[in-house]
Amino acid sequence: MTEVAEPTTTATGEEAFPLVRSCPFAPPPAYGKLREAGPVHRVELQSGQEAWAITRLEDVRQMLTDPRFSSDRFNPGFPFLTKQGRPVRRTNFTASLINMDPPQHGAARREVVGEFTVKRMKALQPRIQQIVDEHIDAILAGPKPADLVTALSLPVPSLVICELLGVPYADHDFFQVRSSTLLNRDVEQDDRIKAVDELQSYLDQLVTQKENEPADDLLSRQIAKQREDHGDVDHDSLVSLAFLLLIAGHETTANMISLGTVALLENPDQLELIKNDPGKTLDAVEELLRYFTIAEFATSRVATEDVEIGGQLIREGEGVLGLSYSGNRDEEAFEDADKLDLERGARHHVAFGFGPHQCLGQNLARMELQIVFDTLFRRLPELKLAAPVEQLPFKHDSSIFGLYCLPVTW
């Protein structure tokens, strides 16, 4: 067996994590240097914490399937990139899926996983197609240039998740503003707490409404299921579930729509592949997910026991960053990893995480992205950027990478 090294601090020679993506199409150069130097490194975070950074794909996947690594963000050793990112435990807070560990996590996930099966997602396909077509109709009827973020990227997944949960779309500005506040790493803690409280209050009222007036939506079905299975409704758990799905369900897909569009427009030879053969779009979606890895720090954990990863001993209570963006650019896992190759067919990426906490809504995200890209480039074949890439406002300050606006014309 490989001798396990004692924990030692390894200087990266770079700025503290999180590292800024100086190029929107490539991870920070430090990631490649770290991978070359070894699989596991001690790094300093902007929060002042130190943590272990895991850089290679197979080690990241191993860590994410090991039950000795906890997702509990209230654990004192859990690594946070900035001081503002650390959550404050609220008296009315019920743990959501992303904060749970076994066996609580498995039981809670089984309650809701049926809402996100491939079969149920296919049933949503006609409605998603209708939503996309309606927004592209509006783009074509409107002025040029258009901002694709406000005209398509944000409203499509927002409408879909609102309809899925039973949230009135008229309230989308309310939750988009607050979710943006929560994801911005520079926001002060007081503003973050206020955004959490306001969202929880809104969703608390919504769940109460569904308990009294059920409809055909996810929350109403969960209420009926809990009453049938347990004889009562766990109101607070449904508020936490709605909180998680509402934020994750539109921010991630919205940013991938914008980033994917930029990448395809900047790589016309790759774009032609899906224009000529829409059957290749699903592979294209997988490659774009790998290529950008927009939620790269969602795979952070804390060790609950002493564990060896990549020949390095990680002590109980120490934080770990499973650098999914670094793993998704690992040359040992993906040949010519920094190249966008829509025919790569590499579904073993970790853009959706891996293991028990792998993204619950990944089937929905894939379908939305496929429908958007197929429809957008079929109906606007001459689409092009209305500003140089280097002038686009990328989200370097957000926990989910993306674009604040995307001017396009045709």
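With every protein chain present, what is the per residue accessible area of the range 142-193 (1.4 Å probe, Å²)?
With the other protein chains kept in place, the range 142-193 gives 41 Å² per residue.
Name the trypsin sites (Lys or Arg not before Pro) in the range 329-358 that are in a loop by DSSP and that have at most 15 other C-beta atoms within 10 Å, would you?
Filter output for the range 329-358: Lys339, Arg347.
Going from most exposed to least, what order do Trp52, Trp410 have by accessible area with a 1.4 Å probe?
Trp410, Trp52
Report the Cα-based extents of the range 194-246 along its three principal axes, largest first, to the nearest Å.
Each principal axis gives a Cα extent; for the range 194-246 these are 35, 19, 17 Å.
Determine the shape class of the range 44-87: with a ≥ b ≥ c the square roots of the Cα gyration tensor eigenvalues, call it rounded for a/c under 1.5, and otherwise prolate if a/b is greater than b/c, oblate otherwise. Numbers along the way, then the final one.
Working: a/c = 2.86, a/b = 1.53, b/c = 1.87.
Cα axes put the range 44-87 in the oblate bin.
Leaving ligands, DNA and RNA out of it, rank Phe175, Phe25 by accessible area with a 1.4 Å probe, largest first.
Phe25, Phe175
Once every DSSP H run of n ≥ 4 in the chain is given -39500 (n - 2.57) and the sum is divided by its residues, what mean residue ellipticity at 222 nm do you get, rounded to the nearest 500 deg cm²/dmol? Working shown, then result.
Values: 13 runs with 187 residues, N = 410.
Helix contribution divided over all residues of the chain: -15000 deg cm²/dmol.
Treating only the Cβ of Lys, Arg, Asp and Glu as charged (+1, +1, -1, -1), what charge dipole size does the chain show about its Cα centre? Round to the nearest 20 debye.
In total the dipole reaches around 440 debye.
Looking at the chain as a GNM with Cα springs under 10 Å, which of Ala53, Ala123, Ala365 has the largest mean-square fluctuation?
Of Ala53, Ala123, Ala365, the most mobile in the Gaussian network model is Ala123.
Considering all projection directions equally, how large on average is the shadow of the alpha-carbon convex hull of the range 110-176, in square nanometres?
5.5
With semi-axes √(5λ) of the Cα gyration tensor in Å defined as stated, name the option among [x] 32, 29, 19; [y] 49, 22, 20; [z] 36, 30, 21 computed from the structure displayed.
Working out semi-axes √(5λ) of the Cα gyration tensor in Å from the coordinates points to [x].
Choose one answer from Pro168, Pro356, Pro18: the residue with the largest mean-square fluctuation in a GNM of the chain with alpha-carbon springs under 10 Å.
Ranking Pro168, Pro356, Pro18 by mean-square fluctuation puts Pro168 first.
Among Arg56, Arg110, Arg73, determine the one that fluctuates most according to a GNM of the chain built with springs between C-alpha atoms less than 10 Å apart.
Arg110
In whole Hz, what ³J(HN,Hα) sequence does the range 301-314 give by Karplus (6.51, -1.76, 1.60; θ = phi - 60°), x for Gly and Pro?
8, 9, 6, 9, 9, 5, 9, 9, 10, x, x, 10, 7, 10
Which pairs break 29 Å Cα to Cα here: Lys122/Lys210; Lys119/Lys210; Lys122/Lys225; Lys210/Lys280; Lys83/Lys210?
Pairs exceeding 29 Å: Lys210/Lys280; Lys83/Lys210.
With just the Cα atoms of the range 224-265, tell me how far they stretch along each of the three principal axes, in Å, largest first.
Reported extents, whole Å, longest axis first: 53, 16, 8.
Quick check: at a probe of 1.4 Å, how many percent of the accessible area of the range 91-134 sits on carbon and sulfur atoms?
Working: 1510 of 2550 Å².
The computed percentage sits at 59.
Report, in order of residue number, the helices in the chain meeting two criteria: a C-alpha extent of 24 Å or more along the helix axis, and a mean Kyte-Doolittle hydropathy of at least -0.5; treat each whole DSSP H run as one helix.
118-141, 235-266, 362-379
Where does the range 137-183 land on the Kirkwood hydrodynamic radius, alpha-carbon pairs, in angstrom?
For the range 137-183, the Kirkwood estimate is 11.8 Å.
Using only alpha carbon pairs under 8 Å that are at least six residues apart, calculate the relative contact order of the chain and give it in whole percent.
It rounds to 27 percent for the chain.
Using only Cα atoms, figure out Rg for the range 156-291 and give it as a multiple of 2.2 N^0.38 Å.
Numbers: Rg = 18.6 Å, N = 136, 2.2 N^0.38 = 14.2 Å.
Expressed relative to 2.2 N^0.38 Å, the Cα Rg reads 1.31.
May I ask you to give the percent of accessible area on the range 293-410 that is carbon plus sulfur, with a probe radius of 1.4 Å?
Heavy-atom surface of the range 293-410 belonging to carbon and sulfur, 1.4 Å probe: 45 percent.
The values are calculated or read from the model by the stated rules, or taken from the named source; none is laboratory data. Small disclaimer: the values here were computed from a predicted structure and weren't measured. Positions of Cβ are backbone-derived with ideal geometry, glycine not excepted, and every protein chain shown enters the neighbour counts. With ligands, DNA and RNA removed, areas are computed over all heavy atoms of the protein, side chains included. Shrake-Rupley method; radii C 1.70, N 1.55, O 1.52, S 1.80 Å.
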